[in-house]
1. Which whole-angstrom value gives the distance between the alpha carbon centres of the range 79-123 and the range 302-317?
2. Where a Cα-Cα gap under 14 Å defines reach, which aspartates and glutamates qualify for Lys59, not counting those fewer than 8 residues away within the same chain?
3. Would you count, across the range 91-232, every pair of lysines whose alpha carbons are under 14 angstrom apart, provided the pair is eight or more residues apart or spans two chains?
4. With a 1.4 Å probe and all protein chains in place, put Leu325, Leu197 in order of accessible area, largest first.
5. As an exercise, use a Förster radius of 25 Å and the Cβ-Cβ distance of Lys230 and Glu45 to find the FRET efficiency, rounded to the nearest 0.05.
6. Counting alpha carbon pairs within less than 8 Å and at least 6 residues apart, what relative contact order, in whole percent, applies to the chain?
7. Using a Förster distance of 45 angstrom, determine the FRET efficiency expected from the C-beta separation of Glu344 and Gln16, and round it to 0.05.
8. Leaving out ligands, DNA and RNA, what percent of the accessible area of the chain is carbon and sulfur, probe 1.4 Å?
Amino acid sequence: MQNQLRSIKSALIFGQLSEVGFNKILKEKYPNSKKIILTDDTVAEHWLEFIITEFDELKGAEIIQIPSGEENKVIEICTSVWEALSQYEISRNDIIINLGGGVICDMGGFIASCFKRGVRFINIPTTLLAQVDASVGGKTAIDLGEYKNQIGLFSEPEYVFIDTHFLSTLPTEQLYSGYAEMIKHGLIFDKNYWNELKQLDVSDYQNVLPYITTSVNLKKTIIASDYFEKNQRKKLNFGHTIGHAIEGYFLVKQKPLLHGFAVAYGMMAESFISLKKNLINKEDFEDINLFLKKIYGSLVLNDNDQIEIIRILRNDKKNDQQKTLFTLLDGIGTARINQEVNIELIGQSLMMLSDN
Ligand SMILES: NC(=O)c1ccc[n+]([C@@H]2O[C@H](COP(=O)([O-])OP(=O)(O)OC[C@H]3O[C@@H](n4cnc5c(N)ncnc54)[C@H](O)[C@@H]3O)[C@@H](O)[C@H]2O)c1
């Protein structure tokens, strides 16, 4: 029951920070709170000066800056941030502002939620991927070696400010990375959205604005029916069972893939499995596979790569009672959760990724 009653509590605010009353909210909601900005080196280089000079309430903010990249979404970095929070004498009355991509939003939410049993936090996502997906929905986590998001909890920011102005400094490949999660939203939930997205030139961030709202709203609708991922929310895992295993494998090999690229390979492989299980027809499979391959290319995996990826996948958090369970497509625009898939078929789907 608790599952059905819970929906997203964060206030999701779309628009330029200066136009949506960001400073006023900080002033009125957190008048006597210390403000801490958690960010990474790359985001700091582009946006830190702007944020601390533009908004009066952040002029005296404490800054905690960590190295950029998924390889830093680990407990050692959390410990160093907790030590800094302790030195700054941060209490539950204070407010942490996560300024960055999915890594900062995921890890910053986790750090804030564990520190002194929960400090309030705000997300300001600065990548497309974080704006359409990672900053919304209350999942916070860090990685454990090759296993993605193994340590974490459900905890929501008080506000999420989605300001596309931040995307102006984002490299094109990062826009494509975010695009993969948007494509996932279309494939699992809305065939018209999938068809619209195929026409979108995502390399110019200004084209993307209307689609961010659609993706966030689709995600919100799914979560409203199943906050704690007992059933419907699992649909959002399409592409992620294989995608996370691929991402984790290349992460520990020190050849990290962008999250959205790994998810795109995961979606290709899981569409292939959907085809082999007669859940989608050949025409739909080719529509998906050719489109994704055109953008994200092929992924050549040798025998050892495949064995290791399958090993990681079988230990993935989505497995229930030792079974390898997948979310598969049930036609374009619909998904089917808790589908068991045998190892042989997973192996075939990984081999298919090498095809041109
Ligand atoms: N919690 C969720 O529901 C959820 C959903 C999807 C993904 N995720 C997680 O999100 C993470 C991936 O997020 P991501 O792709 O944003 O990665 P990221 O946070 O590593 O950002 C990608 C890169 O872009 C840089 N960057 C960020 N904003 C920038 C800007 N405005 N201009 C220039 N550079 C900028 C970062 O420094 C980093 O180098 C993964 O860890 C994934 O597991 C979480």
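1. The range 79-123 and the range 302-317 have Cα centres separated by 33 Å.
2. By straight Cα distance, Lys59 reaches Glu49.
3. Close lysine pairs under the 14 Å cut-off: 6.
4. Result of the area sort, largest leading: Leu325, Leu197.
5. For R0 = 25 Å, the calculated efficiency reads 0.05.
6. Computed over the chain, the figure is 16 percent.
7. Efficiency for this residue pair is about 0.30.
8. Reported share for carbon and sulfur atoms: 46 percent.
The values are calculated or read from the model by the stated rules, or taken from the named source; none is laboratory data. Here the structure is a predicted model, which is why all the values come from computation and not from measurement. Cβ atoms come from the backbone with ideal geometry, glycine included; neighbour counts cover every protein chain shown. Remember, those area values only see protein heavy atoms, side chains included, never the ligands or the DNA or RNA. Shrake-Rupley method; radii C 1.70, N 1.55, O 1.52, S 1.80 Å.
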